[in-house]
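Heads up, the thing below is written out as structure tokens.
The values are calculated or read from the model by the stated rules, or taken from the named source; none is laboratory data. Remember, predicted model here, so these are calculated numbers, not experimental data. Quick reminder, even Gly has a Cβ in these numbers, built from the backbone with ideal geometry, and neighbours come from all protein chains shown.
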Amino acid sequence: MDLQPIAGLLKLVRMPAQALPAFITQTHENPDLAHLCMQMFYVLLAMGQREFALEMQARALKLRRLYRLEGPEQPAIRLLALMAPGDLLDNTPLEFLIEHGDVQLDLLYLLPDQALPEGIPEHDLVMLAIGESDKNRPLLAQAQTLLADWPRPVLNPASAIGNCARDIAYQRLRDIPGLVMARTQRLSREQIRNPRFPLTIRPVDTQGGTGLEKIDTQAALDAFVERHAGTDYFVADYVDYRDDDGLFRKLRIVLIDGEPFICHLAISGDWMVHYLSAGMELSESKRTEEAAAMVNFEQDFGLRHGASLREISRRLGLDYAVLDCAQTSAGRLLLFEVDSRAWVHSTDDVALFPYKPAVMQKAYDAFRAMLWERMATP
């Protein structure tokens, strides 16, 4: 199928701000309204206008559900991704894994109770990019039916994506040797009885620390559920994972075809560690430590915890998964969460983070190798 390519988020976040107006003007000269709306979805995401971006995407999907991102003119691998309406919180951001490669990426959006479009582009394999959530559960069930007899290899089956739910992941993984996971339960307001403090709590279907709090008293817990009424919650025991210097360290690791690859190390004084708020760009000592952790991962952290990481991959049943984890003072692997859509990228300033591109390329090469191997499998 001759699909007109769309510039993805990766290209747009790297585009100089002064170049965006001309790009937007050029986009609006396209007579294809579906293409225009979907392109503006990516432009607005890059500008931080999420709600407006989702409105543009919804308009695009009313007109067409199949789109192609810019890529190689002569691809060696043609990957079809099944997507849910939404942004990076809803789908695996695959374009970040195939930059500068030979993979063509087509996006096919599923909509509730709607059949597939009549025409599907030729592809070598399909990957389910829809993330686990209550919102996406109907689409995952739909995808499971669609993919049951798909004529091409399938990556990340729907049944396995459900294992990323926080409470289900705890039940499946908690007894892995060498692994520590905080006891995690999905509870309604009425089910939270006689909790053990301290605990962490967050509304179901939240990501990136949104709504996540550490609770130390019953009064604080009562106030939290009042602020976030009308939903279920993930309630977990709090695990203090501070190192001797009082700082918290969290690693992001991607599992590709069962093998672990490091994506970053975030170091923070706050127990809720996020790379964007950890101030890594402000601290040379933090970056020096991260560089050592990334460059030596295969001989250090990855070697110590390799057996546990590979067993996590086996039990999840996912071809591609992302972990946020740490190490306890006793030297055990502490797992916070597993997901199929967490951001894996190398968009940080190379002047500040010169060690990242080469390390991240190992993950990108492994992803490409997995696609190539599965494509060749009958």
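Scanning the stretch 320-355 for residues that are of a type outside the set (A, V, I, L, M, F, W, C) and either within 25 Å of L155 (Cβ to Cβ) or under 15 Å from the mean Cα position of the chain (by Cα) (or both) turns up Y320, D324, E337, D339, S340, R341, H345, S346, T347. Within the stretch 187-206, the residues that satisfy the criterion of being in contact with a strand residue (DSSP E or B) (Cβ under 8 Å, 6 or more places away or on another chain), within 30 Å of A330 (Cα to Cα) and surrounded by fewer than 16 Cβ atoms within 10 Å (Cβ to Cβ) are P195, R196, F197, P198.
For the stretch 179-229, a tally of residues being touching a Phe, Trp or Tyr at 6+ places or on another chain (Cβ under 7 Å), hydroxyl-bearing (S, T, Y) and closer than 22 Å to L323 by Cβ returns 2. For the stretch 95-145, residues that are more than 16 Å from the chain's Cα centre (by Cα) and over 29 Å from F234 (Cβ atoms) total 23. Within the stretch 56-84, the residues that satisfy the criterion of being surrounded by fewer than 15 Cβ atoms within 10 Å (Cβ to Cβ) and part of a helix (DSSP H, G or I) are A58, K62, L63.
Counting only residues that are within 18 Å of L9 (Cβ to Cβ) and modelled with pLDDT under 95, the stretch 73-89 holds 3 of them. Contact map, the stretch 356-370: first residue of a type in the set (A, V, I, L, M, F, W, C) and modelled with pLDDT of 95 or more, second residue surrounded by fewer than 19 Cβ atoms within 10 Å (Cβ to Cβ) and assigned to a helix (DSSP H, G or I), Cβ cut-off under 9 Å, separation 6 or more or different chains; pairs are A358/V295; V359/A291; V359/V295.
I'd like to check something: does the stretch 335-342 contain any residue that is at pLDDT below 95 and over 19 Å from G178 (Cβ atoms)? Walk me through how you get there before you give the answer.
Going residue by residue through the stretch 335-342, those that are at pLDDT below 95 are 341-342.
When the remaining residues are screened for being over 19 Å from G178 (Cβ atoms), the result is 341-342.
Looking through the stretch 335-342, at least one residue is at pLDDT below 95 and over 19 Å from G178 (Cβ atoms).
Of the helices (runs of 4 or more DSSP H) lying entirely inside the stretch 292-378, those containing at least 3 residues that are of a type outside the set (F, W, Y) and more than 17 Å from D175 (Cα to Cα) span 301-304, 356-375.
Per-residue answers, yes or no, for (1) modelled with pLDDT under 95; (2) over 23 Å from the mean Cα position of the chain (by Cα); (3) among the polar types (S, T, N, Q); (4) not assigned by TED's automatic domain parsing to the domain that holds A369:
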position	(1), (2), (3), (4)
R172	no, no, no, yes
D175	no, yes, no, yes
R193	yes, yes, no, yes
T206	yes, no, yes, yes
Q218	no, yes, yes, yes
P260	no, no, no, no
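Restricting attention to the stretch 255-275, does a residue exist that is of a type in the set (A, V, I, L, M, F, W, C) and more than 30 Å from A366 (Cβ to Cβ)?
Let us first name the residues in the stretch 255-275 that are of a type in the set (A, V, I, L, M, F, W, C), namely 255-256, 261-263, 265-267, 271-273.
Right, trim to more than 30 Å from A366 (Cβ to Cβ) and you get 271.
Yes, some residue in the stretch 255-275 is of a type in the set (A, V, I, L, M, F, W, C) and more than 30 Å from A366 (Cβ to Cβ).
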